[in-house]
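**Q** Supplied in structure tokens, the structure appears directly below.
The values are calculated or read from the model by the stated rules, or taken from the named source; none is laboratory data. As the structure is a computational prediction, the values presented were derived from the model and not from experiment. All Cβ positions, glycine included, derive from the backbone under ideal geometry; neighbour counts span all protein chains shown.
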Amino acid sequence: MSQLIVTAAGIADRNQARTILDGGSGILLDWDGCVSIGDVPHADGLKFLSRFQERIAIVSNSSTIRPRDIHRILAQAGVTFPIDRIILAGHQALVRAAELKRPTIVFGSLPMKALARDLGVVQVKCDPEIIVLLRDTRFSYESLHLGVNALLNGAHLIVSNPDLTHPGHAGLVIPETGALLAAFQACVPEQAFKMEVIGKPSAKLFEQACLALGIDTNQAVMIGDNPQTDIIGAKRLDIASILVRPGSSLRLADLC
């Protein structure tokens with residue numbers, strides 16, 4: 001499938017987007033800012049999910065919510081969505097840490113730390129060999145001090161996603177994991193530590209979602225609102241992509 005980014009409004013562009021959508025065997029659908037705001041799904045998102053549910057995998061850089069949380073949120077809104085087709089950066093970052101089986105500090109919410117425990121991540125309070133950086137609303141100077149010195153001592157950094165912000169309610173901007181990463185990078189030169197980024201635009205989430213759908217990446221269509229993660233990441237894998245609001249004047253409703 002040829003790569004095409006749809007960014008303009010108008011009948012022709014809606015038709016182009018629908019043609020791309022019809023040509024894909026599977027749909028990789030962003031969550032924050034695309035289907036939901038503040039993890040509350042909006043009417044257009046629910047309508048799109050209901051119409052194309054069998055072809056969709058939710059692919060999100062979210063690192064404060066678990067797959068079962070989105071499954072529950074959608075169920076409460078009347079949409080039954082398979083949990084194995086909800087691919088989230090925070091969850092996958094913790095899966096990666098569990099695979100490494102080394103002493104790990106998780107900077108993240110209490111539910112995400114509980115998920116880490118359930119996945120078998122070896123969590124410690126000091127001297128980590130692995131740091132998992134998620135969006136952490138309780139991140140502090142002490143956290144920064146601990147993390148910076150661990151990196152200088154050779155700890156490997158697993159970052160859920162590089163996003164600086166994501167959209168919030170009433171036009172507010174929500175600081176994201178990438179903002180915390182920037183604080184680390186301000187203190188430690190990037191070449192001085194090892195870093196692995198799990199979320200978009202890295203390939204892992206796209207590939208995991210296609211695996212869940214049972215398709216090759218060239219059979220997928222990515223729909224998202226962030227040109228720097230959703231669209232650039234898709235382009236790297238030759239996945240056709242459609243950019244929707246707020247990153248575009250095209251709306252998700254235009255595709256229904």
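**Q** Does Phe81 satisfy the criteria of being outside the structural domain of Ala234 (by TED's automatic domain parsing), closer than 27 Å to Gln219 by Cβ and of a type in the set (Phe, Trp, Tyr)?
**A** Details: outside the structural domain of Ala234 (by TED's automatic domain parsing): yes; closer than 27 Å to Gln219 by Cβ: yes; of a type in the set (Phe, Trp, Tyr): yes.
It is true that Phe81 is outside the structural domain of Ala234 (by TED's automatic domain parsing), closer than 27 Å to Gln219 by Cβ and of a type in the set (Phe, Trp, Tyr).
**Q** OK, next. Does segment 28-75 hold any residues that are outside the structural domain of Gln208 (by TED's automatic domain parsing) and part of a helix (DSSP H, G or I), and which are they?
**A** Residues satisfying the conditions are Pro67, Arg68, Asp69, Ile70, His71, Arg72, Ile73, Leu74, Ala75.
**Q** Quick one: which of Leu134, Leu110 is within 20 Å of the chain's Cα centre (by Cα) and closer than 14 Å to Leu181 by Cβ? Give the steps one after another, and end with the answer.
**A** Values: Leu110 fails: closer than 14 Å to Leu181 by Cβ.
The conditions single out Leu134.
**Q** Got at least one residue in segment 109-125 being outside any loop (DSSP other than H, G, I, E, B), under 28 Å from Ala240 (Cα atoms) and not β-branched (Val, Ile, Thr)?
**A** The first filter runs over segment 109-125 and keeps only residues outside any loop (DSSP other than H, G, I, E, B), leaving 110-119, 123.
Filter again for under 28 Å from Ala240 (Cα atoms), leaving none.
No: zero hits.
**Q** Just the residues that are closer than 14 Å to Ile198 by Cβ and either surrounded by fewer than 21 Cβ atoms within 10 Å (Cβ to Cβ) or not assigned by TED's automatic domain parsing to the domain that holds Val148 (or both), please, taken from segment 105-136.
**A** Residue satisfying the conditions is Leu119 alone.
**Q** Which is surrounded by 23 or more Cβ atoms within 10 Å (Cβ to Cβ) and either hydrophobic (A, V, I, L, M, F, W, C) or at pLDDT 95 or above (or both), of Met195, Met222?
**A** On the way: Met195 fails: surrounded by 23 or more Cβ atoms within 10 Å (Cβ to Cβ).
One residue alone meets the criteria, Met222.
**Q** For residues that are farther than 14 Å from Asp30 by Cα and hydrophobic (A, V, I, L, M, F, W, C), scanning just segment 79-93, find the one that is farthest from the chain's Cα centre (by Cα).
**A** My answer is Val79.
**Q** Output the strands (runs of 3 or more DSSP E) that fall wholly within segment 137-183 and possess 3 or more residues being out of contact with any Ser or Thr (no Cβ under 7 Å at 6 or more places or on another chain), or say none. Give the steps one after another, and end with the answer.
**A** Details: elements: 156-159, 165-167, 173-175.
Filter on segment 137-183 gives 156-159, 165-167.
**Q** Quick one: would you say Ser241 is hydroxyl-bearing (Ser, Thr, Tyr), at pLDDT below 95, out of contact with any Leu (no Cβ under 6 Å at 6 or more places or on another chain) and part of a strand (DSSP E or B)?
**A** Working: hydroxyl-bearing (Ser, Thr, Tyr): yes; at pLDDT below 95: yes; out of contact with any Leu (no Cβ under 6 Å at 6 or more places or on another chain): yes; part of a strand (DSSP E or B): yes.
Spelling it out, Ser241 is indeed hydroxyl-bearing (Ser, Thr, Tyr), at pLDDT below 95, out of contact with any Leu (no Cβ under 6 Å at 6 or more places or on another chain) and part of a strand (DSSP E or B).
**Q** With respect to Thr165, determine if the residue is in the same structural domain as Ala97 (by TED's automatic domain parsing), within 19 Å of the chain's Cα centre (by Cα) and buried (at least 17 other Cβ atoms within 10 Å of the Cβ).
**A** On the way: in the same structural domain as Ala97 (by TED's automatic domain parsing): yes; within 19 Å of the chain's Cα centre (by Cα): yes; buried (at least 17 other Cβ atoms within 10 Å of the Cβ): no.
For Thr165, the condition - in the same structural domain as Ala97 (by TED's automatic domain parsing), within 19 Å of the chain's Cα centre (by Cα) and buried (at least 17 other Cβ atoms within 10 Å of the Cβ) - is not met.
**Q** Which numbered condition trips up Arg102, out of (1) without any contact (Cβ under 8 Å) to a residue 60 or more places away in the chain; (2) in a loop (DSSP other than H, G, I, E, B); (3) more than 16 Å from Met195 (Cβ to Cβ)?
**A** (3)
**Q** Which one is nearest to Glu129 (Cα to Cα) among residues in segment 56-112 that are touching a strand residue (DSSP E or B) at 6+ places or on another chain (Cβ under 8 Å) and of a type in the set (Ser, Thr, Tyr)?
**A** Thr104
**Q** Still on this structure: Is there any pair with a first residue in segment 114-134 that is under 19 Å from Asn149 (Cα atoms) and β-branched (Val, Ile, Thr) and a second that is in a loop (DSSP other than H, G, I, E, B) and at pLDDT 95 or above whose Cβ atoms are under 8 Å apart and which are 6 or more apart or on different chains, and what are they?
**A** Val124/Pro103; Ile130/Arg102; Ile130/Pro103; Ile130/Ala155; Ile131/Ala155; Val132/Gly108; Val132/Val121; Val132/Ser160
**Q** Search segment 152-171 for residues being among the aliphatic types (A, V, I, L, M) and modelled with pLDDT of 80 or more, and hand back the single one that is farthest from Ile130 (Cα to Cα). Walk me through it before giving the result.
**A** Quick first cut of segment 152-171, residues among the aliphatic types (A, V, I, L, M) only: 152, 155, 157-159, 164, 170.
Still in the running and modelled with pLDDT of 80 or more: 152, 155, 157-159, 164.
Details: Leu152: 12, Ala155: 5, Leu157: 6, Ile158: 7, Val159: 11, Leu164: 22 Å.
Only one residue tops the list, namely Leu164.
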